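Contents: one structure, followed by commentary.
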Amino acid sequence: MSTLTLDRAPEARRAEPRGQVTFARVLRSEWIKMRTLRSTFWTMLAAVVALIGFGILFGAVDANRWPHMSAHEKATFDPIGTSLQGFFLAQLAIGVLGVLMISGEYATGMIRASLSAVPRRLPVLWAKAGLYAVVTWVLMTAGSLIAFLSGQALLSSRHIGASLSDPGAVRMVLGTGLYLTVVALLGVAVGALVRNTAGGIATVFGLLLVLPALAEALPSSWADHINQYLPSNAGQSLTALHHEAHTLAPWPGFLVFCAYAVAALAGAAVLLKRHDA
Amino acid sequence: MIEAHALTKRYGERTAVSDLSFTVRPGVVTGFLGPNGAGKSTTMRMILGLDAPTSGRVTVNGKQYAEHRAPLHEVGAMLEARAIHTGRTAYNHLLALAATTGIPRRRVDEVIEIVGLGQVARKRAGGFSLGMGQRLGIASALLGDPATLVLDEPVNGLDPEGILWIRNLLKDQAAEGRTVLLSSHLMSEMALTAEHLIVIGRGRLIADTSVADFVRTAAGASVRVRTDEAERLRQLLVGHEVSVASVDRGVLEVTGLSSDRIGRIAADQAIALAELTPQQASLEEAFMEMTRDAVEYQAPAREPEGLAA
């Protein structure tokens, strides 16, 4: 008995080494941080509800209105896009939470605790961005699939529903999840660049919503060339049914959107590394 | 062991810390003292690698903070009580910090007990009082059982019982051979907790001394003497480099002579003394004397009335 205790003692000590900071540990820490804030839960819930709720709502409304639609409306009706339209609201929730992931730490002073625990700093940014992107991708891909299926179930009462085997359907459903994932990364990057909640949220909204609206005012000879490269316009090429004139093709458009996020994250990394906390 | 070499930090035009060199040794509590705005917090942020020095360097246990592979085990820090996300519970806050370096859950429970937050550990930190926030900050500092502790104004907001608790905690930590650096703008608090002092003002080193020496040098000590024959004694004592002031009827304040000498002179002349007390300059006075020229924010001195006349 006593031998057993003696044998175990050094092992117990080995079980808690003077632990080094590893990326896996930083990920674990950021995961704890993410899941222990109520704002994470509520904002994610809002995004999922928006995505699925509007899929159901628009499905029901359009199924109801179908007999009264004009021939033109019927001809251009896009059942897939209709059921996924909730992404427009969901992107706001995702973008806001992305900003909060970092600006919340600056606002409360938590960032100094975080960075003194991980003095190399960058692992904190990569862990936050990576975790949040994965969580967003899983929830929003599942959400858009549910939105699609429930929307089509409602539309099929009029025999106007689409199925996943229809051209573009899989791309648009997965694309919605991917688009929102990149919005999440953009939000985290902007949060780290601006370090302020109000300013960060305004910047994300400005980039995604205001910029395309402003650009509408450009003379069309310019707008035709510029607008398709604006972040949200480029990203939403992946979720559009038809590749129209003066829009980017789905995957190139999505890559342009990714490039914005990567550039913003790179800027955030440089700033985090260089600036005083 | 914390070593600063010619540490300088400028924010634009403003120099927060200027050519500051000092060593904080293990085994004693070192007080880091200076008026508000003297550069204490800036220096502490540089120790922890949160702010980069404009020039000079500071090392902890021989390395710059960011070079340590297991920083929480090297240095435990509380830079401000509110370096805590207000939406997270105390327990989860500590758990997240602990996770970065693989500190087990058991240790989180342990430090919560040490700082006496057991009752509120599962409550969100946003609702904490200042004192509770300080305790949580101290818990974060102790988490990795570090060899060095750096605490910025740890007694702020604590009640008397809490102040006594932290005083003893820090002394115990130092007695175990740890390096303990704590800042304050209150000299009286430092005198009770610290053995060594580093005093700065306007970002410059003013003194690096033991608490006892600090008090001795900062202000001339005087001796209070009470006797029925005050006037006779006064005439006996007064002389070169000795000044005697009558504070009250029968009470003298003597500067420049030790109480031993005064007692001897009085005895030789058969003057009965009712009181013979060496007066220590109060610590706060000594501190104010020393940093008078280095106070960043000062209320304008009031002109004595009738001066113009």
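Read-outs throughout are calculated quantities, based only on the coordinates presented, and are distinct from any laboratory measurement. In this text, all values refer to a predicted model and were calculated from it rather than measured experimentally. Virtual Cβ from ideal backbone geometry, glycine too; neighbours counted across all protein chains shown.
Using the alpha-carbon atoms, what tilt in degrees (0 to 90, nearest 10) does helix A:169-194 show relative to the longest principal axis of chain A?
Approximately 50 degrees, to the nearest 10.
Compute the angle between helix A:23-35 and the longest alpha-carbon principal axis of chain A, please, reported from 0 to 90 degrees and rounded to the nearest 10.
60
Mind checking the mean number of beta-carbon atoms from other chains within 10 Å of the Cβ atoms in B:83-93?
6
Tell me, what HN-Hα J-couplings in whole Hz come from the Karplus equation 6.51 cos²θ - 1.76 cosθ + 1.60 at θ = phi - 60° for each residue of segment A:225-234, using x for Gly and Pro?
Karplus values, whole Hz, x for Gly and Pro: 8, 8, 4, 5, 8, 5, x, 5, 4, 4.
Rounded to the nearest 500, what is the 222 nm mean residue ellipticity of chain A from helices alone, with -39500 (n - 2.57) per DSSP H run of 4+ residues and division by all residues?
Calculated mean residue ellipticity at 222 nm is -24500 deg cm²/dmol.
For segment A:252-258, take each phi angle, set θ = phi - 60°, evaluate the Karplus expression 6.51 cos²θ - 1.76 cosθ + 1.60, and give the result in whole Hz per residue in order, putting x for glycine and proline.
Per residue, the Karplus-derived 3J(HN,Hα) values read x, x, 5, 5, 4, 4, 4 Hz.
Quick one: what do you get for chain A if you divide its Cα Rg by 2.2 N^0.38 Å?
Here the answer is 1.22, to two decimals.
For segment B:222-279, divide the Cα radius of gyration by the Kirkwood radius and give the resulting Rg/Rh value with two decimals.
Across segment B:222-279, the Cα-based Rg/Rh ratio is 0.89.
Using a 7 Å offset from the Cα along the Cα-to-Cβ direction at both B:Thr209 and B:Asp172, what is the distance between the two label points in nm, to one decimal?
Once both label points are built, they end up 3.3 nm from each other.
By how many degrees, between 0 and 90 and to the nearest 10, does the Cα long axis of helix A:38-65 differ from the longest principal axis of chain A?
Helix A:38-65 sits roughly 10 degrees off the main axis of chain A.
Under the 0.36 nm per residue contour assumption, what length would be gained going from the current alpha-carbon distance of A:Phe41 and A:Ala245 to full extension?
Gain on stretching A:Phe41 to A:Ala245: 69.4 nm.
Would you please calculate the Kirkwood hydrodynamic radius of chain B over all C-alpha pairs and express it in Å, rounded to one decimal?
22.1
Just to verify a number: FRET efficiency for A:Trp31 and A:Ala153, C-beta to C-beta distance, R0 = 35 Å, to 0.05?
0.50
Can you find, among B:Leu151, B:Ile47, B:Tyr91, the residue sitting farthest towards the positive end of the charge dipole of the protein assembly as shown, where Lys and Arg contribute +1 and Asp and Glu -1 at Cβ?
B:Tyr91
When the Cα atoms of the protein assembly as shown are enclosed in a convex hull and the volume is divided per residue, what value in Å³ results?
In the protein assembly as shown, the Cα hull volume divided by residue count equals 269 Å³.
Let me test this: with uniform point scatterers at the alpha carbons of segment A:119-192, what is the Debye-based log₁₀ I(q)/I(0) at q = 0.22, 0.28 1/Å?
-0.90, -1.17
Which ³J(HN,Hα) values, rounded to whole Hz and listed in residue order, are derived for segment B:183-196 from phi using the Karplus coefficients 6.51, -1.76 and 1.60 in 6.51 cos²θ - 1.76 cosθ + 1.60 with θ = phi - 60°, glycine and proline given as x?
Result, ordered by residue: 9, 6, 10, 10, 5, 4, 5, 4, 4, 7, 9, 9, 9, 10 Hz.
Can you list residues whose amide H is under 5 Å from B:Leu149's amide H, if they're 5+ apart or on another chain and H is modeled 1.01 Å from N?
B:Gly76, B:Thr179, B:Val180, B:Leu181
What is the Cα centroid distance between segment A:50-120 and segment A:210-277, reported in whole angstrom?
Cα centres, segment A:50-120 to segment A:210-277: 17 Å.
Given a Förster distance of 30 angstrom, what is the FRET efficiency for B:Asp293 paired with B:Ala52, based on the Cβ-Cβ distance and rounded to 0.05?
Approximately 0.55, to the nearest 0.05.
Per DSSP H run of n ≥ 4, the term is -39500 (n - 2.57); total these for chain B, divide by its residue number, and report the mean residue ellipticity at 222 nm rounded to 500 deg cm²/dmol.
-9500 deg cm²/dmol
Past 31 Å, Cα to Cα: identify those pairs from B:Lys9/B:Lys63; A:Lys33/B:Lys63; A:Lys273/B:Lys123; A:Lys33/A:Lys273; A:Lys33/B:Lys171; B:Lys63/B:Lys123, in the order given.
A:Lys273/B:Lys123; A:Lys33/B:Lys171; B:Lys63/B:Lys123
Which one, B:Leu182, B:Leu7, B:Gly76, projects farthest toward the positive side of the charge dipole computed for chain B from Cβ point charges (K/R +1, D/E -1)?
Toward the positive end, the furthest listed residue is B:Gly76.
Where a Cα-Cα gap under 20 Å defines reach, which aspartates and glutamates qualify for A:Lys128, not counting those fewer than 8 residues away within the same chain?
Answer for A:Lys128, where 20 Å is the Cα cut-off: A:Glu30, A:Glu105, A:Asp276, listed by chain and number.
To the nearest Å, what is the center-to-center distance of segment B:86-133 and segment B:23-48, using C-alpha atoms only?
That distance is 25 Å.
Can you tell me the dipole magnitude for the protein assembly as shown around its Cα centre, using point charges on the Cβ only (Lys, Arg +1; Asp, Glu -1), in Debye to the nearest 20?
1720
Excluding residues on the same chain fewer than 8 positions from A:Lys74, give the aspartates and glutamates whose Cα lies under 13 Å from its Cα.
A:Asp62
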